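Visitor: Handing you this structure, nothing more for now.
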Amino acid sequence: MQPYGSVEGARVEALAQMEVNVEKDVAEKVGTPEGTDGSERVAAIEMADAPLKAMSMRRDIIAMLALAGSGHPGGSLSATDIVAELYFGGILTHDHDRPTDPARDRFILSKGHAAPVLYAALAEDGYFPLSELSTLRKLHSRLQGHPDSKVLPGVEVSTGSLGQGLSIAAGLALGLMSSGGDREKGMVPTVFALLGDGEIEEGQVWEAVMFSAHQHLGNLVAIIDNNDLQIDGRCSELLGLTGIAERFRAFNWHVLEVDGHDSVALNGVLSQAKAYTKGPVAVIARTVKGKGVSFMEDQVEWHGKAPSADQAAVAFGELGGMPGWYSECIEGGRA
Amino acid sequence: MTMDDTSKATRAAYGETLVELADEGVDVVAVDADLAGSTTTKKLGAAYPMRLVDVGIAEQNMIDVAAGLSLSGKIAFTGSFAVFGTGRAYDQIRNTVCYSKLDVKIAPTHAGISVGPDGGSHQMLEDISLMRGLPNMRVLVPSDYHAAKAAIRLAVATPGPVYVRMGRASVPRIYGADYRMEWERAIVLREGVDVTIAACGIEVAQALMAADALAERGIDAEVIDVPSIKPLPAADILASIRKTGCVVTAEEHSVIGGLGAAVAELTAEHLPVFLERVGMRDSFGTSGSLPELLTCFELDAPAIVRAVTRVRARCHRTL
């Protein structure tokens, strides 16, 4: 008997509906195939791939956390659409077959506790088999509780201690710029760093913010996952952390604001950010913690708690089904 | 190899050696935190403006910017004073440099009590202990200018994190320009059979002076310089102690977690012998001139002589 048969049916339905919506989106944005040249069409379809991947990634995240029994769903789900857009929306230049290609763009997950979202993107892209997601947080796994660059291809640097990723990204951006010898876009890889909003309470972030603006790091993009929640409460209440865009502007950063769950808008803003060469760009992405799972959305207690198997089943119902690798795992009795 | 009067600070080797390496085509960069003049990394910037990055008074950012630069393929050195360049940025060194095993060389200057008049806030006496405890980190403590040059070159030749401890004060010359430092090797500067004095950094010169004083009393001390604190030259140290039967360590650092502690751990496990540790005895420093401070905190040659007397007395009591 298929315990999640009905969920699987719902998944197929949801995916079908999503594909219809994506086609509609593409048609609205770039017109019909006849009305545009081929390249725009290809770009638009590539862009449209991201929401589908984001859906798969959310299922992966819930599944791997349910199997691990611990981890951070809230901040992984708030960042899912952003990370999906980077990897599957044509933003990051990268190739899973050549994870150390010098010409690749770099992505640094400064909020390392959101490791599941990075692992989901890397697995969905083909850096390692999807089935390996079942090893998250287990002994001898390459999928450590926080990303470990020594063991997992695609992880640029180990993170987990908050506040460090932007400094690392800045040093890397500077090094790439001086190695490339040319500040023109296209010649120098872009470095993207994803920070939590709570994370920017770390003083070091503002050391890096000052430094990056002063160095005119035109190949650096900081994305702030602005879900307004940290472990002890709302960022806006705990430390009065509001007006993040203004704060970055005051430090001479170019700032773009976006709905962090709107694929089309995200793609536009991230493309703009990558194309901007005069200095560092901050993308303030307004997000909802736990996005996509009704009982987790905007709930602080889901910062660092794994769903039970039953809760995961409910989540899969809302996310269009369980991942294939997860059902194989359950059937294999490995849960 | 004996001391002569040519005094030079270990830090003086820093910028100079980086310039030499850049001249030789090595892709070195330095990141400093508003102390490029004091650490001498400014010399690299003067010769190669793009190779020195001054991040301002921001040591945490300094370490991680260096980490980022290493990720772009460069060998990145960090500066600042030892107290800030290790203690203030310990988490960055631990969680980014060491955990990711990056090609970052933590090489601050102004370590130890020899900073002098700046006082206890600036006299870093726990850095060896902090750095030694970190997985993937190697630790070098050069004893003179030429040793510092050799230490920087050894750090460059060794992939991954390395800590090089340098000081502000001028120290007597011990080595020639041809000196090459090696991992896990101690250098026998003076052979003897009655006691081993294992020293590092500025205490090597004090140990040699102590050996002269001991010789006048008929005690034949062996003096070994231990620049490679981690990995420790276990074979060399044990070989010396097998010959002498007792050991005194001397360092410009806390006796907790430094060379003395490392030798104590080694001998306790492999060759239990009587041991005396000359070093800071779990206290902060204070303002003063270097000679005054060496005497005040019992780090000078007479203090080493007294330690030798104590350790030999204990040996004889048990015979």
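Visitor: Which condition number in (1) within 20 Å of the chain's Cα centre (by Cα); (2) of a type in the set (G, A, S); (3) on the phi < 0 side of the Ramachandran plot is the one that A:G324 fails?
Guide: For A:G324, the exception is condition (1).
Visitor: Would you pick out the residues in the range A:116-154 that are part of a loop (DSSP other than H, G, I, E, B) and among the aliphatic types (A, V, I, L, M)?
Guide: Within the range A:116-154, A:L136, A:L139, A:L143, A:V151, A:L152 qualify.
Visitor: Now, a different point. Restricting to the range A:138-176, name every residue that is more than 24 Å from A:A103 (Cβ to Cβ), away from chain B (no Cβ under 11 Å) and without any contact (Cβ under 8 Å) to a residue 60 or more places away in the chain.
Guide: Within the range A:138-176, A:L139, A:H140, A:S141, A:R142 qualify.
Visitor: Then there's this: Just one of A:I91, A:I61, A:I82, A:I108 is assigned to a loop (DSSP other than H, G, I, E, B), surrounded by 18 or more Cβ atoms within 10 Å (Cβ to Cβ) and under 13 Å from the mean Cα position of the chain (by Cα); which is it?
Guide: Among A:I91, A:I61, A:I82, A:I108, only A:I91 is assigned to a loop (DSSP other than H, G, I, E, B), surrounded by 18 or more Cβ atoms within 10 Å (Cβ to Cβ) and under 13 Å from the mean Cα position of the chain (by Cα).
Visitor: Please work out which residue is farthest from the other protein chains (Cβ to nearest Cβ), limiting yourself to the range B:74-132 and to residues that are crowded, with 22+ Cβ neighbours inside 10 Å and basic (K, R).
Guide: B:K105
Visitor: Given the structure, is A:L118 touching a residue at least 60 places away in the same chain (Cβ under 8 Å) and away from chain B (no Cβ under 13 Å)?
Guide: So A:L118 fails the test.
Visitor: To continue, here is another question. If I go through the range B:21-65 residue by residue, how many of them are surrounded by fewer than 22 Cβ atoms within 10 Å (Cβ to Cβ), without any contact (Cβ under 8 Å) to a residue 60 or more places away in the chain, more than 9 Å from every other protein chain (Cβ to nearest Cβ) and part of a helix (DSSP H, G or I)?
Guide: The number of residues fulfilling the criteria is 9.
Rule-based calculations on the coordinates, nothing more; no lab input. Please read all numbers here as calculations on a predicted model, not as lab measurements. With ideal geometry, Cβ positions are generated from the backbone for all residues, glycine too; neighbour counts draw on all protein chains shown.
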